[in-house]
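The structure appears right after this line, and notes come after that.
What follows draws every value from the coordinates through simple rules; no lab data is involved. Predicted model, so just to flag it, every value in this text is computed and none were measured. Cβ placement follows ideal geometry from the backbone for every residue including glycine, while neighbour counts extend to all protein chains displayed.
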Amino acid sequence: GEDVEQSLFLSVREGDSSVINCTYTDSSSTYLYWYKQEPGAGLQLLTYIFSNMDMKQDQRLTVLLNKKDKHLSLRIADTQTGDSAIYFCAETSGYSTLTFGKGTMLLVSP
Amino acid sequence: NAGVTQTPKFRVLKTGQSMTLLCAQDMNHEYMYWYRQDPGMGLRLIHYSVGEGTTAKGEVPDGYNVSRLKKQNFLLGLESAAPSQTSVYFCASSYSIGEAFFGQGTRLTVV
């Protein structure tokens, strides 16, 4: 079945850039998403990208998609302590429910 | 803006007891989902619904039942709770597959 893999942990200093990586196996993935989960809360959609795009920028967030390698990344510029959270990569072909990765915990230190 | 509301937020059950988790959304979404989140396991889909009166099994449906009698509500039932069902349960809804809105979660402990 479909699989989504992420590294489990990332630690950065405030002001640095953070890059969270994700790989997926489903070649029919059409939509790829990044969700953010703050402590004690549900997931919030951060941004998404369609498979016919290579890059999407949204303020401090940049999503890069390498469809050939099935690799997705989320770059957060000027990372702040408020960005500390768990970030989930997710994909769908549009005909099935979302498949989530296990999440990457981002820790931002002052 | 209520969004997706889950009831209750916390619950402790004894093994063998039953309970129902309620999810309500006010966004007129067709799709609704129940996930469980466990350490190191990420989010796993229990059951989902693509519209009022419909339900379907997800990745880990055993031990759970669901009902979608009204479009805005999606109920998750545990008929005979087991310690393995200790988890944080999230309900979500979406207009289309993908852009899901999540509730705040229900922390369930089965002792």
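Dipole magnitude for segment B:1-110: computed about the Cα centre from +1 point charges on Lys and Arg Cβ and -1 point charges on Asp and Glu Cβ, it is near 300 debye. Counting neighbouring Cβ atoms within 10 Å and putting the fewest first, the residues B:D26, B:D62 line up as B:D62, B:D26. Along segment B:17-30 the Karplus relation, 6.51 cos²θ - 1.76 cosθ + 1.60 evaluated at θ = phi - 60°, assigns HN-Hα couplings of 6, 10, 7, 10, 9, 10, 10, 10, 10, 10, 9, 6, 6, 7 Hz to successive residues, with x for each Gly and Pro. Using a cutoff of 8 angstrom between alpha carbon atoms and counting only pairs six or more residues apart, the relative contact order for chain A works out to 38 percent. Put simply, when B:70-76, A:76-82 are sorted by average Cβ atoms within 10 angstrom per residue, most first, you get B:70-76, A:76-82. Can you work out the base-10 log of I(q)/I(0) for segment A:13-56 at q = 0.14, 0.20, 0.21, 0.22 1/Å, using the Debye formula on its C-alpha atoms alone? Log10 I(q)/I(0), no solvent term: -0.48, -0.87, -0.92, -0.97. For chain B, the relative contact order works out to 36 percent when only alpha carbon pairs closer than 8 Å and six or more residues apart are counted.
Packing, as the average of other Cβ atoms within 10 Å across residues, places the peptides B:42-49, A:39-46 in the order B:42-49, A:39-46, highest first.
A simple charge model with +1 on the Cβ of Lys and Arg, -1 on the Cβ of Asp and Glu and nothing else charged puts the dipole of the protein assembly as shown at about 460 debye relative to its Cα centre. Peptide B:99-111 has a mean shielding of 3, counted as Cβ atoms of other protein chains within 10 Å of each residue's Cβ. Backbone amide hydrogens, once placed in the peptide plane, bring B:V66 within less than 5 Å of B:G77, excluding anything fewer than 5 places away on its chain.
Residue exposure proxy: A:K102, B:K14, ordered by other Cβ atoms within 10 angstrom of their Cβ from fewest to most, comes out as B:K14, A:K102. A compact globular protein would have a Cα radius of gyration near 2.2 N^0.38 Å; the ratio found for chain B is 0.98.
Kirkwood analysis of chain A, using all unique Cα-Cα pairs, places the hydrodynamic radius at 13.9 Å.
Taking amide H as placed 1.01 Å from N in the peptide plane, the amide H of A:G94 sits under 5 Å from that of A:T30, A:Y31, each at least 5 places away or on another chain. Coupling constants for segment A:54-62 follow from the phi torsions by the Karplus curve (6.51 cos²θ - 1.76 cosθ + 1.60, θ = phi - 60°), and in residue order they are 9, 8, 9, 10, 9, 6, 7, 9, 10 Hz; glycine and proline get x.
Computed on the protein assembly as shown, the Cα convex hull volume stands at 121 Å³ per residue. Per residue of A:35-46, other chain Cβ atoms within 10 Å of the residue Cβ number 4 on average. Pairs of alpha carbons in segment A:27-90 separated by more than 16 Å make up 45% of all such pairs. Among A:T25, B:T106, sorting on how many other beta-carbon atoms sit within 10 Å of each Cβ, with the fewest leading, yields A:T25, B:T106. Taken as Cα centroids, segment B:21-63 and segment A:47-110 sit 22 Å apart, rounded to the nearest whole angstrom. Annotation: amide H of A:S7 within the under-5 Å range of A:N21, sequence separation 5 or more or interchain, hydrogens built in the peptide plane.
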